[in-house]
Amino acid sequence: MAAPRDWLGTVEAEGIAGRQGSSGVEVVFPSDPATPAPLCPHGPTLLFVKVNQGKEETRRFYACSACRDRKDCNFFQWEDEKLSGARLAAREAHNQKCQPPLSRTQCVERYVKFIELPLSQRKFCQGCQQLLLPDDWERHQEHRVVGDISVTQLKRPSQLLYPLENKKTNAQYLFTDRSCQFLVDLLSTLGFTRVLCVGTPRLHELIRLKASGEKKSNIKSLLLDIDFRYSQFYMEDSFCHYNMFNHHFFDGKAALEVCRTFLQEDKGEGVIMVTDPPFGGLVEPLAVTFKKLIAMWKEGQSQDSNQKELPIFWIFPYFFEFRIRQFFPSFCMLDYQRFHRTFICVDEAMKYGCMLEVDYDNHALYKHGKTGRKQSPVRIFTNIPPNKIILPSEEGYRFCPLCQRYVSLENQHCEHCNSCTSKDGRKWNHCFLCKKCVKPSWIHCSICSHCALPDHSCGGPKDGCFICGELDHKRSTCPKIATSKKVNKAVRKQKQRKSNKMKMGTTKGQSMNHTSVTRKKSRRERAHQYLCS
């Protein structure tokens with residue numbers, strides 16, 4: 001999971017603000033890109049544009065796909081900017097400098113040598129986050145080194161590695177073991193034999209542990225993750241260094257073929273993709289990437305099975321449901337509400353020399369409201385029919401025969417909406433004026449003509465498209481975008497004509513003034529000649 005974007009303490013507020021704000025940044029995917037996007041240390045950059053409600057687009061620019069904070073990756077380039085050869089060379093040198101110190105092949109060779117060492121010689125440098133061979137010991141004498149690294153520790157690298165540092169919070173979130181266990185049991189029940197783990201290192205670990213345990217599981221997994229440090233612990237067929245925001249394999253075609261082979265094995269049968277993107281990530285680039293993985297899987301399908309879909313579990317907060325279903329209409333949101341993550345604090349880990357893991361729902365910084373919620377805001381979005389996914393009754397789930405899916409006990413079926421409508425674990429109330437169920441903390445506002453929080457601002461920015469204000473789409477897919485572009489183009493032309501006219505007027509005035517001065521000077525010279533004659 002990419003650390004720079006995943007700050008769960010503020011993401012719900014950001015998600016709401018992103019929907020309600022009067023301005024924002026959107027990703028642009030050119031239908032026919034003339035030139036490839038420039039590269040940063042995280043692979044091809046994305047094209048962005050800042051949009052303001054009721055105003056025309058501003059200048060477009062390229063920025064890093066994986067990091068939204070310029071402190072993590074400061075790449076920035078205007079779309080129409082022309083760079084000199086010297087700047088391009090400097091950028092290339094910087095990109096190379098930021099790459100992992102060891103190649104994928106070197107990591108594999110070192111790992112093979114490391115596991116052959118006796119336990120007393122297996123050492124790990126916590127400062128450099130690196131497995132050490134005997135030849136490396138001298139260079140790490142002044143570092144904090146841990147010895148006697150067991151096979152069990154090697155099989156759980158997410159517990160051995162410190163989270164990727166970030167100056168804002170120095171924290172990272174990973175699935176708890178109980179959440180991973182729930183997923184593994186569910187995948188096994190559904191009959192899957194291969195799992196493509198996109199940004200889910202803990203799930204990958206548990207699957208491999210099950211496969212090597214006494215009761216051997218027949219499930220295999222492949223991890224795609226942006227954290228290159230996992231290269232030290234896995235062979236080439238188990239891990240690919242990957243950026244899910246731009247579908248970039250850092251190790252090139254070799255890694256791409258590993259992923260392709262994994263997806264197309266057994267003609268694509270028995271495989272599922274499970275992904276846990278950083279919650280601060282934009283949905284659109286993720287959807288574009290997942291569609292490319294789906295296309296890769298479909299290459300191995302016969303023509304008769306073209307209508308099939310690659311089974312997917314996309315783990316994301318419930319308030320992104322509308323955005324996800326815009327790109328994947330066949331997806332539904334499961335009601336499993338106890339998907340927990342572990343809060344890992346880097347400062348404490350460095351202080352005590354071990355990982356400090358706290359369930360974020362019980363962490364003071366990440367509670368919702370004064371008392372906090374027992375349920376997690378995280379949900380599973382999937383294209384698997386929900387009636388096939390059995391949720392545990394001992395955790396308070398029941399089967400709704402009308403909705404044909406498992407829901408929590410608090411999620412009551414509304415006869416007016418004909419659905420179990422709750423999204424956040426509370427019982428929702430039906431508003432007859434809005435003709436839909438709403439959160440229990442909301443009331444109907446006669447000024448806004450819809451339900452909202454009691455202390456909301458009626459004059460504040462409204463939800464919906466920046467162009468037409470409708471709620472069912474974004475600006476980039478607005479049917480009136482062509483008209484809007486024509487209007488904006490006409491406005492720009494009018495402004496340009498006005499500017500040119502002002503410039504011409506200024507030039508003409510300057511020319512007339514110059515002519516007048518010349519004439520006066522000529523008259524003075526003639527008068528002087530007459531007086532002197």
Where in the stretch 50-151 are the strands (runs of 3 or more DSSP E), entirely inside, with at least 1 residues that are within 22 Å of the chain's Cα centre (by Cα) and of a type outside the set (Phe, Trp, Tyr)? 61-63, 76-78
Please state which of the following conditions residue 428 fails to meet, knowing it meets all the rest: (1) crowded, with 16+ Cβ neighbours inside 10 Å; (2) among the aromatic types (Phe, Trp, Tyr); (3) in contact with a Phe, Trp or Tyr (Cβ under 6 Å, 6 or more places away or on another chain). (3)
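Determine whether residue 316 is modelled with pLDDT of 75 or more, in a helix (DSSP H, G or I) and under 28 Å from residue 424 (Cα atoms).
Details: modelled with pLDDT of 75 or more: yes; in a helix (DSSP H, G or I): no; under 28 Å from residue 424 (Cα atoms): yes.
Against the criterion (modelled with pLDDT of 75 or more, in a helix (DSSP H, G or I) and under 28 Å from residue 424 (Cα atoms)), residue 316 does not qualify.
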For a quick check of your reading of the model, give me the residue pairs whose first member lies in the stretch 441-462 and is farther than 20 Å from residue 24 by Cβ and at pLDDT below 90, whose second is among the β-branched types (Val, Ile, Thr) and not in a strand (DSSP E or B), with beta-carbon atoms closer than 8 Å and at least 6 apart or on different chains. 458/447
What are the residue pairs meeting all of these: first residue in the stretch 323-334, first residue closer than 13 Å to residue 385 by Cα and hydrophobic (A, V, I, L, M, F, W, C), second residue open to solvent by 20 Å² or more (accessible area, probe 1.4 Å) and in a loop (DSSP other than H, G, I, E, B), Cβ atoms under 6 Å, and 6 or more apart or on different chains? 331/383
In the stretch 131-149, anything in contact (Cβ under 8 Å) with a residue 60 or more places away in the chain and over 14 Å from residue 113 (Cα atoms) is listed as 144, 146
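What is the residue count in the stretch 146-173 for residues that are open to solvent by 30 Å² or more (accessible area, probe 1.4 Å) and modelled with pLDDT of 85 or more?
In the first step, residues of the stretch 146-173 are kept if they are open to solvent by 30 Å² or more (accessible area, probe 1.4 Å); the result is 146-148, 150-153, 155-156, 159, 164-165, 167-170.
Next, from what is left, pick out any that are modelled with pLDDT of 85 or more: 146-148, 150-153, 155-156, 159.
Of the residues in the stretch 146-173, 10 are open to solvent by 30 Å² or more (accessible area, probe 1.4 Å) and modelled with pLDDT of 85 or more.
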Pairs, first under 27 Å from residue 237 (Cβ atoms) in the stretch 86-111, second in a helix (DSSP H, G or I) and open to solvent by 60 Å² or more (accessible area, probe 1.4 Å), C-beta under 8 Å, six or more apart: 100/228; 104/254
Looking at 290, 279, 249, can you tell me which residue is surrounded by fewer than 21 Cβ atoms within 10 Å (Cβ to Cβ) and within 22 Å of the chain's Cα centre (by Cα)? 249
Return the pairs, sorted by first residue and then second, in which the second residue is of a type in the set (Phe, Trp, Tyr), the first residue lies in the stretch 388-401 and is outside any helix (DSSP H, G or I), the beta carbons are less than 7 Å apart, and the residues are 6+ apart or on different chains. 389/406; 390/406; 391/336; 391/397; 391/406; 397/406; 398/406; 399/406
Does at least one position in the stretch 209-222 carry a residue that is crowded, with 18+ Cβ neighbours inside 10 Å, over 26 Å from residue 318 (Cα atoms) and in contact with a Gly (Cβ under 8 Å, 6 or more places away or on another chain)? no
Here are the criteria: (1) in contact with a Ser or Thr (Cβ under 8 Å, 6 or more places away or on another chain); (2) buried (at least 19 other Cβ atoms within 10 Å of the Cβ). Tell me which single one residue 270 does not satisfy. (2)
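In this structure, is residue 342 modelled with pLDDT under 90, among the β-branched types (Val, Ile, Thr) and in contact with a helix residue (DSSP H, G or I) (Cβ under 8 Å, 6 or more places away or on another chain)?
Values: modelled with pLDDT under 90: yes; among the β-branched types (Val, Ile, Thr): yes; in contact with a helix residue (DSSP H, G or I) (Cβ under 8 Å, 6 or more places away or on another chain): yes.
Against the criterion (modelled with pLDDT under 90, among the β-branched types (Val, Ile, Thr) and in contact with a helix residue (DSSP H, G or I) (Cβ under 8 Å, 6 or more places away or on another chain)), residue 342 qualifies.
For the stretch 197-208: of the residues being in contact (Cβ under 8 Å) with a residue 40 or more places away in the chain and within 12 Å of residue 238 (Cβ to Cβ), which is most open to solvent (accessible area, probe 1.4 Å)? If you could, list the steps in order and put the result at the bottom.
First pass over the stretch 197-208, keeping only residues in contact (Cβ under 8 Å) with a residue 40 or more places away in the chain: 197-203, 205, 208.
Then drop every residue that is not within 12 Å of residue 238 (Cβ to Cβ), which leaves 197, 201, 205, 208.
Working: 197: 0, 201: 5, 205: 1, 208: 99 Å².
Among those that are in contact (Cβ under 8 Å) with a residue 40 or more places away in the chain and within 12 Å of residue 238 (Cβ to Cβ), it is 208.
The values are calculated or read from the model by the stated rules, or taken from the named source; none is laboratory data. What you see is a predicted model, and the numbers here were worked out from it, not measured in a lab. Cβ: placed from backbone, ideal geometry, glycine included. Neighbour counts: every protein chain shown. The protein model used for the area step is the full one, side chains on, heavy atoms only, and it has no ligands, DNA or RNA in it. Shrake-Rupley method; radii C 1.70, N 1.55, O 1.52, S 1.80 Å.
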